[in-house]
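This report concerns only the one structure given below.
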Amino acid sequence: MESRVMLTTLYKMKEKGEKIVVLTAYDYPFAKIADESGVHIILVGDSLGMVVQGESSTLPVTMDQMIYHTRIVSRAAKIAMIIGDMPFMSYQASIKQAVVNAGRFLKEAGAGAVKLEGGAAVSETIKAISDAGIPVQAHIGLTPQSVHKMGGYKVQRDEEQLMSDALAVQSAGAFSVVLEGIPSDISKKITKALTIPTIGIGAGPHCDGQVLVLHDLLGLNQGHVPKFVKQYAAIGDTAGTAIKQYANDVQTGKFPAKKHCY
Ligand code: KIV
């Protein structure tokens, strides 16, 4: 049996130039499929607010909801590293609260690490959580929890700021950093400058790994599909067709047939 993906696995992959595969998951069946399909890291993202709960941003997601979903995912995944995403206002108000909340992901939900958004501004928080023995993945560039401050979900292009954020989170002890919504040439420079792995989403091909939101990859989202998404399936359409057939079969008396009866 393959062993669990650890921090050392990720560092070795960066060293060897092997790409790290990251995917979000929020429930048991999809976490199991992702784990059995070679995904190295399953991120239980606060994106669940938008793709599972139907919210218009990630801001309403609570700690208890994140713990609930992370626990389910941890039960399903035997190989992948599980990262629990710290939701809005679970780490911003005080460093003490951040450490306590980060600890809940490991203690109550079986995660191996946490992720939080922000660069130099959250470096003390990253250091405190990391010093408590909890691996932290940072997240810079387009940070969805700051949607109001950014004035929308916009590509971030301030190279100097991005580089200094990346270096700050690395110095603070982050084991990895997500680069979201950043031009490819800047991600390339950051990836070269850092010793920790970079994981890109809308950040081009030069990152050490890539992450996508499961529902985007599977075509389960209705509405706008961002430029950086590649849809590998149209599960939403397939599910719609199946459910329409079921409804029709029930109404026309085709279901249940004799073979479905006791
Ligand atoms: O919440 C999430 O799923 C994320 C990824 C998109 C990086 O933060």
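One residue alone among Gln210, Gln251 is in contact with a strand residue (DSSP E or B) (Cβ under 6 Å, 6 or more places away or on another chain) and not in a loop (DSSP other than H, G, I, E, B), and that residue is Gln210. The set of residues from region 180-190 being without any contact (Cβ under 8 Å) to a residue 40 or more places away in the chain and touching a Leu at 6+ places or on another chain (Cβ under 8 Å) comprises Ile186, Ser187, Ile190. Taking the criterion of being hydroxyl-bearing (Ser, Thr, Tyr) and in a helix (DSSP H, G or I), the residues of region 128-175 that qualify are Ser130, Ser146, Ser164, Ser171. Report every pair of residues separated by at least 6 positions or lying on different chains whose Cβ atoms are under 9 Å apart, first residue within region 195-214 and more than 17 Å from Gln156 (Cα to Cα), second of a type in the set (Val, Ile, Thr) and away from the ligand (no atom under 14 Å from the Cβ). Every condition considered, the pairs that remain are Ile196/Val169; Pro197/Thr191; Asp208/Thr191; Asp208/Ile196.
So for region 148-164 (the condition being modelled with pLDDT of 95 or more, closer than 22 Å to Gly84 by Cβ and not aromatic (Phe, Trp, Tyr)), does at least one residue qualify?
Within region 148-164, the first condition is being modelled with pLDDT of 95 or more, and the residues that meet it are 148-164.
Keeping just the survivors that are closer than 22 Å to Gly84 by Cβ gives none.
No.
Taking Val73, is it touching an Asp or Glu at 6+ places or on another chain (Cβ under 8 Å) and β-branched (Val, Ile, Thr)? In short, yes.
For (1) within 16 Å of the ligand (Cβ to nearest atom); (2) in the same structural domain as Ala138 (by TED's automatic domain parsing); (3) in a helix (DSSP H, G or I); (4) crowded, with 19+ Cβ neighbours inside 10 Å, each residue gets a yes or a no:
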| residue | (1), (2), (3), (4) |
| --- | --- |
| Ala31 | yes, yes, yes, yes |
| Val39 | yes, yes, no, yes |
| Ile42 | yes, yes, no, yes |
| Thr58 | yes, yes, no, yes |
| Met66 | yes, yes, yes, yes |
| Gln92 | yes, yes, no, no |
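Taking the condition of being closer than 15 Å to Gly204 by Cβ and among the hydrophobic types (A, V, I, L, M, F, W, C), how many residues in region 161-180 meet it? The total comes to 5. Name every residue in region 30-48 that is closer than 18 Å to Asn221 by Cβ and more than 12 Å from the chain's Cα centre (by Cα), in order of residue number. Phe30, Ile33, Ala34, listed by residue number. Evaluation of Ala242 against the conditions (1) part of a helix (DSSP H, G or I); (2) in contact (Cβ under 8 Å) with a residue 12 or more places away in the chain; (3) under 28 Å from Val44 (Cβ atoms); (4) away from the ligand (no atom under 14 Å from the Cβ) shows that the sole unmet condition is (2). Here the condition is being assigned by TED's automatic domain parsing to the domain that holds Gly54, surrounded by 14 or more Cβ atoms within 10 Å (Cβ to Cβ) and in a helix (DSSP H, G or I); of Ile190, Ile182, Ile196, it holds for Ile190 alone.
The values are calculated or read from the model by the stated rules, or taken from the named source; none is laboratory data. Everything numeric here is computed off the predicted structure, so don't read it as measured data. Neighbour counts are summed over all protein chains in view; Cβ atoms, including those assigned to glycine, are modelled from backbone coordinates with ideal geometry.
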